[in-house]
Amino acid sequence: MFASVALVLVAVLLFLLLFQTHRAKNFPPGPRPIPIFGNLLHLNLKNPIADLEKLAKRYGNVYSLFIGSSPVVVINGLQAVKEALVNKGADFSGRSQNLMLNHAVQVKGMILADYSPGWKEHRRFGLMTLRNFGLGKKSMEQRILGEIHRIINHLDQNVGKTMNPHLLFHKATSNIICQVLFARQFDYDSEIINFFVDYFYETSRILNGPWAMIYDSIPMVRSLPLPFQKAFKMFRMAHKKYSGFLAENKKTRVPGEPRHFIDCYLDELDKRGDDGSSFSEDQLCAFVLELHFGGTDTTANSLLTAFLYLMNYPQIQGMSSFHLLQEIDKVLHGKDQASFEDRHQMPYMQAVIHEIQRVADIAPLSVFHCTTKDTDLMGYSIPRGTVIIPNLSSVLFEEGQWKSPHVFDPENFLNEKQEFVKPEAFMPFSTGQRMCLGEGLARMELFLIVVTLLRKFTFIWPEDAGEPDFTLVYGTTQTPKPYRMTIQRRGTA
Ligand code: HEM
C-alpha cells in the first residue's frame, strides 16, 4: 500500500517537474500558470482581447503568460510597443518558428521568417517591387481602378436591392493582389476565386481560434485528427494552386521583361544564380501565398467595416457637418475617376478612412514577434527566443492617445483647423522593422474604393435589419459580423 502511494506521488512529482512553468528572475509578471495548460484557462480562447486588457490593468503594460509551458510576453500601450518594436527593433523583430501558423505555411516565406539575412533580402525585394509597380505599362493605381469597375458592375446589378457585401470585397481585394502577383483576375463566379475566398476565411478563423491555441500549447495533440487539420489541408491545396500558376507562367515568361511580381522574382533569381542567397522557387511560392493571404482578408475586412459605419453614421455619408460627399464631389468635379493624389485635398475623407481603420482593429495582436537576443524592456529581462505579442488593439484604443478612444469619431484625425493629422498611436499596420509590407497598396485600395463607391452609390442600412452590431469577430484578422446593405445609385454621379 505504502509503495503504491509513494509510486503515485513520485509519478505526480515527475509530471509536475516535466511540465513545470516558472518565471525566471526579473521576467515580466503575470498570472500563475498550471502545468500543461499554462495560462490558457485565464483566456477566453474565442476572443482573448478583453482578458488581455484586464491583465494589463493588473500587471502593467508589459506582462507574461504561459502558452502551455512556453512563456510569452504581451506588450500593451504606445510607449511599450514603441520602445520594443522601434527603439529596440533589432531585438524584437524575430518570429517564432514553432507555432501552428509556421507549420501550416511550411516554415518558408517572409511574413513568418525569422529575423535573418534571408528575411531582409526578401523584405527589401518585396518593398521595392511593390513600390516600382508601375512596371512600364500599368500602374498599381490603374490596376485598382480596373477592379473598381468590376465592383461597380456588380453593385449596379443590385441597385434597389439589399445584398451582403462580404464576398464582393474579398473577391475584389483578392483580384487586385492577384494582378500584382501574376497578372490574373478571376471572374467573381469562378471556382478558383471562390476557393481562395473560402480558404482565407476558414484558415484565418482556425489560426487564431481556440484550436490553434491548443495546437501551440500542447505539442502532443498536433498529429491528432482535430479541427486544426483542416487549415493544414487548405494550405496544402493553396500551395498546389500557386505552384500551378508558377509553372504556367514560366511557359510564357521572357527573362528581363517582367509582367508581374513572379516574373520580377524569377529575374532576380536568374541574376543571383548560385550565390547562396535565400531566393528560390520554393520561397517564391510561399512568398506569393503570404502576399495573397496578407493582402486580401485585411483590406476586405477594412472595407466591410467601412460600409458598416458609413451606413450607420449617415451624417458621415453626407448630411451633416462633415460634408464628405460635398468634399468628394468638389475635388473630383470634371474628373472621370479618383486618383490617390486627390487624398491631399480631402481631409474629411482621410479622417473617416483612418478612423475606420482604427475601429476595424484588423490585426489586434499583430503577427507575433520573437526576441532575437537576451534583452530588456521597461526594466524587465526577456531572454532570446521569447514570443512577443504586440497588442496593437491596446494602442488603437488607448486612453490619453485619442480625443475619443472608445467611440467612432473621425475628429480623432482632425485638428482644430479641420486639417487631417495622424496621431502616433495610429498603428493598424504595426510599427518598426516588421511593419506591414503592403501598407502603401492597402491605403491606396481603401481610398480609391471608398471614394469611388460613395461617389456613385448611396448605401443604406435595411429597414428590417434591426440594430447594427459593431462587435468584431475575432480572428487572425478581425471582421464585422455579416450584414446586408441596400444600394441606390447617386443622382449626381
Ligand atoms: C488594411 C490592410 C492591412 C493591414 C491592417 C495589415 C496589417 C499588418 C500587420 C499588423 C502586420 C504585422 C506587422 C508586425 O509583425 O509587426 C502585417 C505584416 C505584413 N503585411 Fe500587412 N496589412 C494589410 C494589408 C497588407 C497587404 C495589402 C499586403 C500585401 C501586399 C500585406 C503584406 C504584409 C506582409 C508581407 C507582412 C509581413 C512583414 C514582415 O514580416 O516583415 N499586408 N500587416
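When shorter helices are ignored and each DSSP H run of at least 4 residues is given -39500 (n - 2.57), the per-residue value for the chain at 222 nm works out to -15000 deg cm²/dmol. For the range 144-242, the Kirkwood estimate of hydrodynamic radius, built from reciprocal distances between every pair of different alpha carbons, is 15.5 Å. The shape of the range 181-295 comes out oblate: with a ≥ b ≥ c from the C-alpha gyration tensor, a/c is at least 1.5 while a/b does not beat b/c. With both labels modelled 7 Å from their Cα along Cα-to-Cβ, the Lys46 to Gln97 distance reads 3.7 nm. Here the peptides 281-293, 333-345, 118-130, 251-263 are ranked by packing, the mean other Cβ count within 10 Å, and the order with the highest first is 281-293, 118-130, 251-263, 333-345. Placing R0 at 60 angstrom, the Cβ-Cβ distance between Ser339 and Ser381 gives a FRET efficiency of 0.75 after rounding to 0.05.
Filter the DSSP H helices in the chain by two things, a Kyte-Doolittle mean of at least -0.5 and an axial alpha-carbon span of 20 angstrom or more, and list the hits by number. Qualifying helices, which must be both long enough and hydrophobic enough, are 2-18, 140-156, 166-182, 191-207, 281-312, 439-456.
Between Ala183 and Lys373, the distance separating the two model label sites (each 7 Å from Cα on the Cα→Cβ line) works out to 4.5 nm. For the range 2-489, the spherically averaged projection of the C-alpha convex hull amounts to 27.1 nm². Neighbours of Lys82, meaning other residues whose beta-carbon lies under 12 angstrom from its beta-carbon, give a summed charge of -2 when Lys and Arg score +1 and Asp and Glu score -1.
The distance between label points at Ser223 and Arg489 comes to 6.2 nm (points 7 Å beyond Cα on the Cα→Cβ vector).
What FRET efficiency, computed as 1/(1 + (r/R0)^6) with R0 = 41 Å and r the Cβ-Cβ distance, is obtained for Lys250 and Val159, rounded to the nearest 0.05? Computed FRET efficiency for Lys250 and Val159: 0.40. Across the cross-link table entries Lys88/Lys373; Lys251/Lys271; Lys46/Lys241, which are compared at the Cα atoms, the separations over 21 Å belong to Lys46/Lys241. Normalised size of the range 233-356, defined as Cα radius of gyration per 2.2 N^0.38 Å with N residues, equals 1.56. Backbone amide hydrogens, once placed in the peptide plane, bring Phe457 within less than 5 Å of Arg490, excluding anything fewer than 5 places away on its chain.
The order of Glu202, Glu327, Glu445, Glu467, going from fewest to most other C-beta atoms within 10 Å of their C-beta, is Glu467, Glu202, Glu327, Glu445.
Since every read-out is calculated from the coordinates, none of them should be taken as a lab result. All values derive from a computational prediction rather than experimental measurement. Virtual Cβ from ideal backbone geometry, glycine too; neighbours counted across all protein chains shown.
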